[in-house]
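Notes follow once the structure below has been shown.
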Amino acid sequence: MSEDGAGAEGLKSARWFEGDDVPAFVHRTALRAEGFATADFEGRPVIGICNSWSELINCNVHFRALSNSVKRGVMQAGGFPLEFPTMALGEQLMKPTTMLYRNLMAMDVEESIRAYPLDAVVLIAGCDKTVPAQLLGAASADVPAIMLTGGPATPAVFRGKEIGVGTDLWEYTDDLRAGRMSREEYDELEAASGPSVGHCPEMGTASTLAAVVEGLGMTLPGAAAAPAVDARRYQVADAIGRRAVELAGEALRPSQILTPAAFDNAIAVLLSVGGSTNAVIHLLALAGRCGVALDLDRFDEIARQVPLLADVRPSGKHLVEQLFHAGGVPALMKELEPLLEREALTVTGKSMGENLAEVRPSSDRSVIATLAEPVKPAEGMVVVRGSLAPGGAVIKASAADPDLLVHRGPALVFDGIDDVIARIDDPDLEVDADSVLVLRGCGPIGGPGMPEWGAVPIPQKLLAAGVRDMVRVSDARMSGTAYGAVALHVSPEGALAGPLAAVRTGDVISLDVPARRLDLEVPAEEIERRLADWTPPEPRFDRGYGSLFLERVTQADEGCDFDFLRGRSADPASEPYGVLRGMIGGW
Ligand code: FES
């Protein structure tokens, strides 16, 4: 391909647009009907812009403007941009949980990329599940792809204090429930909480995944943390558009980037930023798409080496905007470099080590600490197993009360979120600070879709007594902005015949994070006896997508992907000529 992008030999799109037969005529006509001249696209790489813009997602609502910058970059580099929408998953408005639909969006993305004449794709995502859904789809389609995340929102300020959207909300809500805050003050907080577009500004799931994408090498260095409203976000978008055209010419595919080394780097970034536990599930799913043998134990192995370097909420003090001003993810990775796989190829066409050679160390050690003097020591996120979680569970130890990391106490069991709502603030609830709150029935099948209900609220009477954290155990997920000594993602979940389904209030549960254990102190024969009498819950769906989800979703330790979506499709360019050219259906 020449410098202006001309010369489309070998491009997938050429199989649609070149030639004098009826299919080529029809395909060209389709674009000319949109007002494009043949010269706009003929011989040029077609760059799909996979846009999760939606007015249903405040976090992604600036993506049309970002897409314009991407298009400008594509055209500058000689490519031909075509934007297409995807399903959009809005964390705040979509119920019961966006996680129920991540795989559906991934299927939409995968099939759109494969079925259309796209030589490379720019994936634009921001709000939590839109990022992994696009990555999963692109990894399976395996067409050259690069991701642009939307950037963190402008931090909210409440009474002179900068606040995170989630982390502080949980605290203020506890204050309201404990009578330390009035309803009027809470309204004032609500009005102040969403000052701009962009994703949550602390190291919640969206910011975590943006950093992880940079760790994977699937975006340009520095793209993760630039604020949504900062001009540099748009400059990055422009650069990503230009790079997408080069990717098409180089035929650099996700399968060359998403290797075991890339996953190790991404996990190191996740841990060094004190990132969301949700990223564990998404990386496991992505690895499954890529044929990479990643399991929970690999997270724990890397967690033993990687300390917390980013002093960002909820594990630290600052917001992602300060991380950006301190050098962003490149400066963070520069510090992490001794622990990284430097040879991992990235979407720049260079290795991670080559990318980092151009990066200066952080200018602000109060935000990005050194390996020698980290914010917190290693093991900020750990994997525990034991008789209560034979398939594993995840604890974000860096965001928990350290005194609770070794704990033994009686279980107080809740069956589903409605049970929590009905009883948690009952003054007669038999609970004390040593109790272990167990929430089950909220896993992939039980939730359904594994909602972020795992951080069960502290009972009101304990809050009033000053209790701020308790050991909690759940098959649910937890918001990346939440905190607490919560053993999440317990596998197998409570909707399956496993130990979580057998727990009863009063049983003793022991958590030992240093020993990586989570145990139910009930004899195995008694658990078996209880399970013999156990009846699985009624399925929540009997038709449609929900029914497919319940039948084919995997457990959390396998990423909650559909079993039939693991792996990749055949290279689209290998489709028989007749499949791509011979159809004129619908005309
Ligand atoms: Fe969309 Fe947090 S709600 S990123």
Checklist entry - When you look at residue 132, is it in contact with a His (Cβ under 8 Å, 6 or more places away or on another chain) and either within 19 Å of residue 52 (Cα to Cα) or away from the ligand (no atom under 16 Å from the Cβ) (or both), yes or no? => result yes
Checklist entry - In the range 40-49, what count of residues is obtained for those that are out of contact with any helix residue (DSSP H, G or I) (no Cβ under 6 Å at 6 or more places or on another chain) and closer than 16 Å to residue 135 by Cα? => result 1
Checklist entry - Among the residues of the range 350-369, which ones are within 17 Å of residue 256 (Cα to Cα) and either surrounded by fewer than 14 Cβ atoms within 10 Å (Cβ to Cβ) or of a type in the set (D, E, K, R) (or both)? => result 350, 354
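Of the residues that make up the range 54-73, is at least one more than 26 Å from the chain's Cα centre (by Cα), in a loop (DSSP other than H, G, I, E, B) and away from the ligand (no atom under 16 Å from the Cβ)?
The answer is no, given that none of the residues of the range 54-73 is more than 26 Å from the chain's Cα centre (by Cα), in a loop (DSSP other than H, G, I, E, B) and away from the ligand (no atom under 16 Å from the Cβ).
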Checklist entry - Take the residues of the range 111-136 that are buried (at least 24 other Cβ atoms within 10 Å of the Cβ) and part of a helix (DSSP H, G or I): which is modelled with the lowest pLDDT? => result 113
Checklist outcome for this item: Expected single match for touching a helix residue (DSSP H, G or I) at 6+ places or on another chain (Cβ under 9 Å) and not acidic (Asp, Glu) among 438, 406 is 438
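Find the helices (runs of 4 or more DSSP H) located wholly in the range 183-294 whose residues include 3 or more that are farther than 30 Å from residue 173 by Cα, and list them.
So the answer is 205-216, 231-250, 254-257, 260-272, 278-290.
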Next on the checklist: Being charged (D, E, K, R), within 16 Å of the ligand (Cβ to nearest atom) and either modelled with pLDDT of 90 or more or over 13 Å from residue 313 (Cβ atoms) (or both) is the requirement here; does residue 214 meet it?
Outcome noted: no
Next on the checklist: Only one of 293, 372 is surrounded by fewer than 18 Cβ atoms within 10 Å (Cβ to Cβ), aliphatic (A, V, I, L, M) and either in contact with a helix residue (DSSP H, G or I) (Cβ under 7 Å, 6 or more places away or on another chain) or closer than 25 Å to residue 132 by Cα (or both). Can you tell me which?
Outcome noted: 293
Item to check | From 440, 423, residue being surrounded by fewer than 20 Cβ atoms within 10 Å (Cβ to Cβ) and modelled with pLDDT of 95 or more | outcome: 423
Next on the checklist: Criterion first (part of a helix (DSSP H, G or I) and charged (D, E, K, R)) does residue 20 satisfy it?
Outcome noted: no
Checklist entry - With (1) away from the ligand (no atom under 11 Å from the Cβ); (2) in a loop (DSSP other than H, G, I, E, B); (3) of a type outside the set (S, T, N, Q); (4) under 29 Å from residue 346 (Cα atoms) as the list, and residue 180 as the residue in question, which single condition is left unmet? => result (4)
Item to check | For residue 475: the one exception among (1) free of Cβ contacts under 8 Å to residues at least 60 places away in the same chain; (2) under 26 Å from residue 545 (Cα atoms) | outcome: (1)
Checklist entry - Where residues in the range 74-110 are more than 22 Å from the chain's Cα centre (by Cα) and part of a helix (DSSP H, G or I), which of them is nearest to the ligand (Cβ to nearest atom)? => result 74
Checklist entry - Given the range 472-553, what helices (runs of 4 or more DSSP H) lie entirely inside it while holding 3 or more residues that are over 28 Å from the mean Cα position of the chain (by Cα)? => result 524-532
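Under the condition of being surrounded by fewer than 21 Cβ atoms within 10 Å (Cβ to Cβ) and in contact (Cβ under 8 Å) with a residue 24 or more places away in the chain, which residue from the range 37-53 is nearest to the ligand (Cβ to nearest atom)?
The selected residue is 40.
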Checklist entry - Within the bounds of the range 450-464, is there any residue that is in contact with a Gly (Cβ under 6 Å, 6 or more places away or on another chain) and either of a type in the set (Phe, Trp, Tyr) or away from the ligand (no atom under 16 Å from the Cβ) (or both)? => result yes
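The values are calculated or read from the model by the stated rules, or taken from the named source; none is laboratory data. As the structure is a prediction and not an experimental result, all values here were calculated from the model. All Cβ positions, even for glycine, are placed from backbone atoms using ideal geometry, and neighbour counts span all protein chains on display.
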